[in-house]
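This report refers to the structure that appears directly beneath it.
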Amino acid sequence: MRNVELAEDYLRRAKLRLKALDVLFEGEGWPDVVRESQEILELTLKGLLRWCGVDPPRIHDVSDVLLAEKDRLPPELAGEAEALAAASRHLRRDRELAFYGAEDLTPTGFYSRADAVSARDAARRTVEAVYPHVMGGEE
């Protein structure tokens, strides 16, 4: 089932969250940038899958589904499927740790500016790649 309206909603929300990401970055909230970047990437990829007629699973990393459904992606994105999937897998690993930490790890002490830059760049690249396809050029 292809729910274009829901896919578009995901992409609008992901694009808006990029602005929130900049606020977190300016405040040097490195773990929050990492966590929010993961959520942006997840929302974007799930929007893409919905737009392609795939009901995404209710898990945080949809990389396996994205690769399995690569033939349903717009041709311009099919070539980027591996990179999009890799970003999804990478940020998924940090999702809980960046938010909650662990007994032996405090997120603020663990995540660095470099981690935040990498995560934010991945979120931006993903939104920039997917948005025009789902939204049909709408800014």
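The values are calculated or read from the model by the stated rules, or taken from the named source; none is laboratory data. Only a predicted model underlies this, so the values are computations on that prediction, with no experimental measurement involved. Heads up, the Cβs are rebuilt from the backbone with ideal geometry, glycines too, and the neighbour counts pull from every protein chain shown. In case anyone asks, the SASA skips ligands and DNA or RNA and just uses the protein heavy atoms, side chains included. Shrake-Rupley method; radii C 1.70, N 1.55, O 1.52, S 1.80 Å.
Just checking, which of Glu8, Glu82, Glu76 is part of a helix (DSSP H, G or I) and at pLDDT below 95? Going through Glu8, Glu82, Glu76 in turn, just one is part of a helix (DSSP H, G or I) and at pLDDT below 95: Glu76. Picking from residues in region 91-131 that are part of a helix (DSSP H, G or I) and of a type in the set (S, T, N, Q), the one that is nearest to the chain's Cα centre (by Cα) is Thr126. Of all residues in region 80-104, those that are on the phi > 0 side of the Ramachandran plot have Cβ atoms under 6 Å from Cβ atoms of residues that are of a type outside the set (Gly, Ala, Ser) and crowded, with 17+ Cβ neighbours inside 10 Å, 6 or more apart or on another chain, in Gly101/Pro107.
Give region 52-73 a look and list any residue that's open to solvent by 10 Å² or more (accessible area, probe 1.4 Å) and either touching a His at 6+ places or on another chain (Cβ under 7 Å) or without any contact (Cβ under 8 Å) to a residue 12 or more places away in the chain (or both), or say none. Pro57, Arg58, Ile59, Ala68, Lys70, Asp71 - these are the residues of region 52-73 that are open to solvent by 10 Å² or more (accessible area, probe 1.4 Å) and either touching a His at 6+ places or on another chain (Cβ under 7 Å) or without any contact (Cβ under 8 Å) to a residue 12 or more places away in the chain (or both).
Can you tell which of Ala83, Ala122 is open to solvent by 60 Å² or more (accessible area, probe 1.4 Å), of a type in the set (A, V, I, L, M) and out of contact with any Gly (no Cβ under 7 Å at 6 or more places or on another chain)? Selected residue: Ala83, the only one of Ala83, Ala122 that is open to solvent by 60 Å² or more (accessible area, probe 1.4 Å), of a type in the set (A, V, I, L, M) and out of contact with any Gly (no Cβ under 7 Å at 6 or more places or on another chain).
Any idea which of (1) more than 20 Å from Glu8 (Cα to Cα); (2) in a loop (DSSP other than H, G, I, E, B) is the one Ile59 doesn't satisfy? Just one mismatch for Ile59, condition (1).
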